[in-house]
Structures are given as structure tokens and as C-alpha cells.
Amino acid sequence: MQNLTVLILAAGKGTRLKSTLPKVLHLLAGKPLIEHVVRAALPLNPSATCVVVGYEGGRVQAAISHLSLQSVAQEPQLGTGHAVQVAAAFWKPNKGNLLVLSGDVPLISTQTLQRLLEQHSQSGASATLLSTKLNEAAGYGRLIRGADGNVERIVEHKDATEAERQISEINTGIYCFTIADLAQIIDKLAAENSQKEYYLTDCIGLLRMQNKRVGAVVCEDSSEVNGINSRSELAELEHIVRQKKLKQLMGDGVTIIDPVSTYVEPDVQVGPDSVLYPNVFLENATVIGAGCRIYPNVRITSSTIEDGAVVLDSCLISESLVGAGSQIGPFAHLRNHTVIGSQVRIGNFVEVKKSQLGDKTKAAHLSYLGDAEIGREVNVGAGTITCNYDGVNKNKTTIEDGVFVGSDSQLIAPVTVHRGAYIAAGSTIQHDVPEDALAIARSQQVNKQHWARKRRESRPKE
Ligand code: UD1
Ligand code: CA
């Protein structure tokens, strides 16, 4: 929309959350509340977007710094109307309309905002607010409509009479104002109410007193405009977002055995015919290909799992890639930009950090592979450890194609094992191993004949 300025109110502490973290930084579906609001507004192409911060403002600014928005500090926080006053230098000089959003109403959709803006433009009203109807309206501001059905004012729950509290149509805290008209009344707000705050909602009555028109768009899906004021409301929205995402995935051909205990964040993609078992967590921009199976108690974050891969029970995979047809786990940990090729097998109690493993390589049991570049068709025996850290630096281990690393070997990095070489089990490798060589680096075995029998005889049991 042309000439659109967006203002997001996010200065409140959120007293009812009983938290040291500002309300808008509490996470919903893995993202701070404020980020949901910003993401809903950005597709409207505003010419400027500003966030009003207050309580722990520095933390809020830091959390949204990647979104390149402006911010204004409101100190102290004297109410929603005061927040808009404090930000006047940001919006007043602009032409057109001001969209005011609440940082604590996270599920608002771009579509609904578009509908609000369209009606505002078409009606020529000075303000258009978004309302919804609730069975349980306690806590919200109510819309007072005149005999002609037009909005006359908003009354806050705490200031409402018993009769007004019966009204089910509530203010969502989302408004579109014509900037020129808002500019004329914004300084006229008074804090004459039960909370001694400057209410933005009073702007509606003030505009009506000037015979300006005020419109309302009713949001049919009230779950979109639920405000978050408590931890239980946060949990309710979490449930709504999660079920919506799971429904979408199932619609796209993903099997989810138990949607009640499967946690998939909104940005995750999962291909058709993949199966998610209970207690799976898929986070951030994780991508799961087609025909994958993700078994119980697996958490995958910011990672890609290619087609046909299987992640067995109780694995943690972060910032990593697993190639097609590979099998990971149970109890494996892949992290920090690990890249696993296709048809690879990573077995139980294997940790892989910042390493590449080529196609068809196996590390099936009890290993730590860190800062390693491992080729194709390598066999990493049980208990193999890359000793990558010397106390100061992290060093690289290179294992070329076709190498066989015997069980319980230590590879002291930096070190290279060249193509086709063998490492005898139990070796501590500190020098490079040439191509096709056998490296044995362990102390020789000595068998002392009859030693055990003699010991028993010299020290008979009591
Ligand atoms: C507000 C509305 C109410 C509406 C409800 C919808 C007012 C007076 N009331 O009530 O009509 O039904 O939202 O959710 O506006 N904020 C600031 N600075 C302040 C105070 C608040 O930036 O000084 C921010 C908060 O961080 C929050 C938003 O404004 O993001 C709303 O504030 P909140 O205190 O939650 O208002 P409600 O009591 O929910
Ligand atoms: Ca609120």
C-alpha cells in the first residue's frame, strides 16, 4: 500500500507473565511474539515501520535488529495512547495512513490487515479498527456502537459498566488511522480512567466528537487476534499454531502418527510420504525430504534431511545436512555444519561436529568425529575419536576414500590418512598414513605363560 506507516506497540512489561523477559520476546512457535507481528506487516510494503520499546527496550531492539526496523523508546510507559504520542516524530510527518499493531497479538494475518486497510481507504473514515466477537470478553476493550450501528467509542473492561461488559464485540488493539486526523487529536488524550493511563482507544471517542467517521472491520476468526497476557494464553496460541501447521503437512501428504505430541514450527517443510513419529521436534527452517522417517524423541533444528533418509530414535541434529537414503541414530548428535553424504550410516552414540562424510561411509558405534573431512566408503570403527582440540586450536583430520579405521583408534589432528589405508584397531595415529598402507600404532602384546595360574597358587583364597 502506498503511504502506509506501521507502528508496533511493544513497550509493555507484560506483568501477568511474571517474567523478567519482556512480553514481546516470549517465544511462540519458536519466534518472539514481536517477530510474528512484523512478518504479518512487512508484505503490506509499508514505507516505514517502527517499534515502540520500553521495558528492557535494549533487549527488544537487539532481538529485532535483523529485521531492520526503526524503534522509539517510551519511558516511562503511560499507556497505549502515550506510546503513539512518544512516536509522533516518526509518523506525524508522513502522508497517508498509520497502521497501529500490538506486539502481543501475534497471529494476525497479512490478509486481515489488508482487509482493514482496504475498508479504511474505501470508506474515507478517520479511523478503522479491527474488532472481533468473543464469548469470553473479560479484559478486553468493548466497542460501543450507536443506534445507527456506527462505532462511537471504546470502553476498557476495567472502566466498563456491568451492561457494557455484556457486549461481546471487542477491540483487537489493531487500528488504521488517517495520519492527518490522528495528528489533530493525539495530544488531547487524558489519563482519566481507572488505570491512570493514556488510552489509545480514547482516540475513537475523540474523533467521533469532531464528527469524524470511524469504521470497524470484524475479524471472523477470533483466534487470529487473541492477545497474549498470560502464560496460559501463550500455551493456547502455541497449540493453535502447531495444529494448523500439522494439518497443513498432513494435507500435503505427510503421515503424523500422533499430532498431539508432534512439534513442527511454521517455517519447516516436510516432503510427501514422510512419517513423523511421536515426540518429534522440527525447528526453524528445517527441510525434510520425501519418504523420510523420523522416529520418536528426535529434535532437528535448522537442518536439511534429504529424501528417503531415516533418523532413528533419540537423535539431535542441528545446522546440518543429511544426504538421501542415509540412516542416523539411534542416539546420534550431528551439529555445527556437519554434512553427511548419501547412503551413510551413523549409528548409536556417534557425535559429529563440523565434519563432512562422503557417500556410503559408516560410523556405526560410539565415535566423536570433529573438524574432520572423511571421504566415500570409509569404515570408521567403533570407538574412533578424532582428537581435534589441543587445548588451544581445533585441528583437522582428513580421512580419504576407502580407508578402514579399526575400532578404538585415536586420530591426533592435524593428520591425514590417505586413500585406501588401514588403521589397526586400538591405534593412536599421530603421523600421516600413506595410501594403501597399514598403520599400527599400539604397544606390542606380551603373553606371560602360566602367570595367572602361578599367582592364584601363591595367594590361595581365604
Ligand atoms: C489493549 C486495548 C484494549 C484491547 C486489547 C487487545 C488500550 C487502552 N486497550 O488492552 O482495548 O481490547 O489491547 O489486545 O489500548 N504498550 C506500550 N506502551 C504502554 C502500554 C502498552 O507500548 O505504555 C503496548 C504493549 O506492549 C502491548 C500493547 O501496547 O503490546 C497493548 O498493551 P496492553 O497493556 O497489553 O493492553 P491491553 O490491556 O491488552
Ligand atoms: Ca494485551
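The residue pairs whose first member lies in the stretch 113-124 and is within 23 Å of R39 (Cβ to Cβ), whose second member is in a helix (DSSP H, G or I), and whose beta carbons are closer than 8 Å, counting only pairs six or more residues apart or on different chains, are L113/A40; L113/A41; L113/L44; Q114/L44; L117/L44. Pairing residues of the stretch 241-252 that are within 17 Å of H36 (Cβ to Cβ) with residues that are assigned to a helix (DSSP H, G or I) and of a type outside the set (F, W, Y), at Cβ distances under 8 Å and at least 6 apart in sequence or on separate chains, gives Q243/P259. Scanning the stretch 1-29 for residues that are more than 9 Å from ligand 1 (Cβ to nearest atom), open to solvent by 10 Å² or more (accessible area, probe 1.4 Å), part of a loop (DSSP other than H, G, I, E, B) and within 17 Å of N226 (Cβ to Cβ) turns up just one, H26.
Please determine whether any residue of the stretch 234-245 is under 30 Å from F177 (Cβ atoms), open to solvent by less than 40 Å² (accessible area, probe 1.4 Å), more than 16 Å from ligand 1 (Cβ to nearest atom) and not in a loop (DSSP other than H, G, I, E, B). Yes - at least one qualifying residue is present in the stretch 234-245.
Identify, from the list G146, G103, the residue that is open to solvent by less than 70 Å² (accessible area, probe 1.4 Å) and without any contact (Cβ under 8 Å) to a residue 24 or more places away in the chain. Working first, answer last.
Details: G103 fails: without any contact (Cβ under 8 Å) to a residue 24 or more places away in the chain.
Among G146, G103, only G146 is open to solvent by less than 70 Å² (accessible area, probe 1.4 Å) and without any contact (Cβ under 8 Å) to a residue 24 or more places away in the chain.
Among the residues of the stretch 199-215, which ones are away from ligand 1 (no atom under 12 Å from the Cβ), open to solvent by less than 30 Å² (accessible area, probe 1.4 Å) and not in a helix (DSSP H, G or I)? Hits for the stretch 199-215 are V214, G215.
Given the criterion surrounded by fewer than 22 Cβ atoms within 10 Å (Cβ to Cβ) and at pLDDT 95 or above, identify the matching residue among A83, A87, A73, A63.
Of the residues listed, the single one that is surrounded by fewer than 22 Cβ atoms within 10 Å (Cβ to Cβ) and at pLDDT 95 or above is A73.
Quick one: which residue in S126, S102 is within 14 Å of ligand 2 (Cβ to nearest atom), at negative phi and of a type in the set (G, A, S)?
Details: S126 fails: within 14 Å of ligand 2 (Cβ to nearest atom).
One residue alone meets the criteria, S102.
Whenever a residue of the stretch 167-185 is in a helix (DSSP H, G or I), its partners that are near ligand 1 (Cβ under 10 Å from one of its atoms), lying with C-beta atoms within less than 7 angstrom and at least six residues away or across chains, give the pairs L182/C203; I185/C203. In the condition set (1) more than 15 Å from S367 (Cα to Cα); (2) open to solvent by 30 Å² or more (accessible area, probe 1.4 Å); (3) in contact (Cβ under 8 Å) with a residue 24 or more places away in the chain; (4) of a type outside the set (S, T, N, Q), G323 is compliant with all but (2). Just one of the numbered conditions (1) within 23 Å of Y140 (Cα to Cα); (2) in contact with a helix residue (DSSP H, G or I) (Cβ under 8 Å, 6 or more places away or on another chain); (3) in contact (Cβ under 8 Å) with a residue 24 or more places away in the chain; (4) open to solvent by 20 Å² or more (accessible area, probe 1.4 Å) is not true of V218: (2). Looking across the stretch 30-55, the residues that are within 14 Å of ligand 1 (Cβ to nearest atom), open to solvent by 10 Å² or more (accessible area, probe 1.4 Å) and assigned to a helix (DSSP H, G or I) come down to E35, H36.
Tally the residues that are among the small types (G, A, S), within 20 Å of L334 (Cβ to Cβ) and surrounded by fewer than 17 Cβ atoms within 10 Å (Cβ to Cβ), restricting the search to the stretch 367-421. Quick ask: steps written out before the conclusion?
To start, the set of residues in the stretch 367-421 that are among the small types (G, A, S) comprises 367, 370, 372, 375, 381-383, 391, 402, 406-407, 409, 413, 420-421.
With within 20 Å of L334 (Cβ to Cβ) added as a condition, the list becomes 367, 370, 372, 375, 381-383, 413.
Keeping just the survivors that are surrounded by fewer than 17 Cβ atoms within 10 Å (Cβ to Cβ) gives none.
Qualifying residue count, the stretch 367-421: 0.
Among the listed residues Q85, Q111, Q119, Q61, identify the single one that is within 25 Å of R231 (Cβ to Cβ) and not in a strand (DSSP E or B). Give the derivation first.
On the way: Q85 fails: within 25 Å of R231 (Cβ to Cβ); Q111 fails: within 25 Å of R231 (Cβ to Cβ); Q119 fails: within 25 Å of R231 (Cβ to Cβ).
It is Q61.
The values are calculated or read from the model by the stated rules, or taken from the named source; none is laboratory data. Everything quoted here is computed from the prediction, not taken from an experiment. FYI the Cβ positions are ideal-geometry reconstructions off the backbone, even for glycines, and counts take in every protein chain you see. Ligands, DNA and RNA are excluded from the accessible area calculation, which covers all protein heavy atoms including side chains. Shrake-Rupley method; radii C 1.70, N 1.55, O 1.52, S 1.80 Å.
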